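The values are calculated or read from the model by the stated rules, or taken from the named source; none is laboratory data. Note that the coordinates shown come from a computational prediction; the quantities given were computed from them, not determined experimentally. For neighbour counting, all protein chains shown are included, and Cβ atoms are generated from backbone atoms with ideal geometry for every residue, glycine included. Please note that ligands, DNA and RNA were not included when accessible areas were found on the heavy atoms of the full protein model with its side chains. Shrake-Rupley method; radii C 1.70, N 1.55, O 1.52, S 1.80 Å.
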Amino acid sequence: MTYSEFLGRVRGADLGGVENLVTLESVDSTNKFARQLLEELPDGQRLAPTLILAYGQTAGMGRQQRIWTSAEGQGLYCSLLWSLSDPEEVTMLPLSVGVGICAALRRAGVSAGIKWPNDILVGGAKVAGVLIELPALRQRPQPVAIIGFGVNTSTDRETLEGLGATSVDHESGQDQDPVGLLSLLLDEVVEELANPDRREDLRVRYRELLTHEVGDQLRWRQGGADWSGRFVGLDRHGRLRVDTSEGERLIAAGDIIEP
Ligand code: BTN
């Protein structure tokens, strides 16, 4: 699909609760663009849900300073600007977004799961990733989160193999309509974010999607050192509980290196 076809389809699509849409043929990073946009907006007004959507990115950013490969027309590259209503919503954001993305991919026939905190995997290979930023300190009247997510839709096999990743088309065995998939993603993610009721059983739903089993040996990096221990579960904030030789540790941020 060319950019002009993509643009035409996006303009006619149901984008869930998104009220403002910015579409870009190419940008360094939609998260970076979103940050700049926020800085330029006047304070004092509640920002309606705003989506920055790119056809390609030249410097897509992953978590932990990684690069997110973002070839034109081969993936969905989005940042959703979302006004936060209460402090609990902030804690729950990674869980809500991960669960919403998995639900959308499952509706598209891809049995996605979550590697903590919110890498979206199919059969151990990454199909989507989430980068949430809280440029918190501008309160507007409400703080705004930048929820960046990238989904490999029709990424070519060579690129996927080099990254140890996978794509929606490959996993579902068909050429999916990327704009239809975008609608599903926004529908599910916005549904999770907009309804505080959905938070009641969110931890349970997130836990069901996690690829880690109780007792799994995990290795992770924290404070410049590598740690290992057995996965015990999650606490009420979605932090990992891990049993190490020095007792139980809670991991709030970081990266699981293994498995
Ligand atoms: C990760 O898994 O490390 C997170 C990847 C997040 C990638 C998306 S693509 C759209 C948005 N813009 C970026 O630069 N990054 C996120």
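Just a few scattered comments:
- Sub-8 Å Cβ pairs linking a first residue in region 138-165 that is in a loop (DSSP other than H, G, I, E, B) to a second residue that is of a type in the set (K, R) and more than 16 Å from the ligand (Cβ to nearest atom), at least 6 apart or interchain, are R140/R46; P141/R46; Q142/R46, ordered by first then second residue.
Matching residues to (1) open to solvent by less than 80 Å² (accessible area, probe 1.4 Å); (2) touching a Pro at 6+ places or on another chain (Cβ under 7 Å); (3) closer than 24 Å to P87 by Cα:
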residue	(1), (2), (3)
E208	no, no, no
E213	no, no, no
L218	yes, no, no
G223	no, no, no
W227	yes, no, no
G238	yes, yes, yes
R241	yes, no, yes
G247	yes, no, no
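- Some residue of region 61-70 being over 17 Å from the mean Cα position of the chain (by Cα) and of a type outside the set (D, E): no
- Residues satisfying the stated conditions in region 196-226, i.e. out of contact with any Gly (no Cβ under 9 Å at 6 or more places or on another chain), in contact (Cβ under 8 Å) with a residue 12 or more places away in the chain and either over 30 Å from V144 (Cβ atoms) or assigned to a strand (DSSP E or B) (or both): H212, E213, G215, D216, D226
- Of the residues in region 125-137, none is within 15 Å of the ligand (Cβ to nearest atom), part of a helix (DSSP H, G or I) and surrounded by fewer than 23 Cβ atoms within 10 Å (Cβ to Cβ).
- Among the conditions (1) closer than 18 Å to A103 by Cβ; (2) part of a loop (DSSP other than H, G, I, E, B), the only one that L193 does not satisfy is (2).
- Looking across region 151-196, just one residue is open to solvent by 40 Å² or more (accessible area, probe 1.4 Å), modelled with pLDDT of 95 or more and touching a strand residue (DSSP E or B) at 6+ places or on another chain (Cβ under 7 Å), and that is E171.
- Filtered by the rule that a residue be over 22 Å from I120 (Cβ atoms) and either within 15 Å of the chain's Cα centre (by Cα) or within 9 Å of the ligand (Cβ to nearest atom) (or both), region 28-46 gives D28, F33.
- Note on region 141-150: residues that are at pLDDT below 90 and either in contact with a Lys or Arg (Cβ under 7 Å, 6 or more places away or on another chain) or within 15 Å of the ligand (Cβ to nearest atom) (or both) total 2.
- Test set (1) within 13 Å of the ligand (Cβ to nearest atom); (2) in contact (Cβ under 8 Å) with a residue 40 or more places away in the chain - P49 fails condition number: (1)
- A residue that is in contact with a helix residue (DSSP H, G or I) (Cβ under 8 Å, 6 or more places away or on another chain), within 16 Å of the ligand (Cβ to nearest atom), open to solvent by 10 Å² or more (accessible area, probe 1.4 Å) and aliphatic (A, V, I, L, M) occurs somewhere in region 107-124.
- Cross-chain or 6+ apart pairs with Cβ under 9 Å, region 172-190 first and under 10 Å from T153 (Cα atoms), then among the acidic types (D, E): D175/D169; Q176/D169
- When the residues of region 61-73 are filtered to those that are more than 6 Å from the ligand (Cβ to nearest atom) and either among the acidic types (D, E) or touching a Pro at 6+ places or on another chain (Cβ under 9 Å) (or both), the one that is farthest from V179 (Cα to Cα) is E72.
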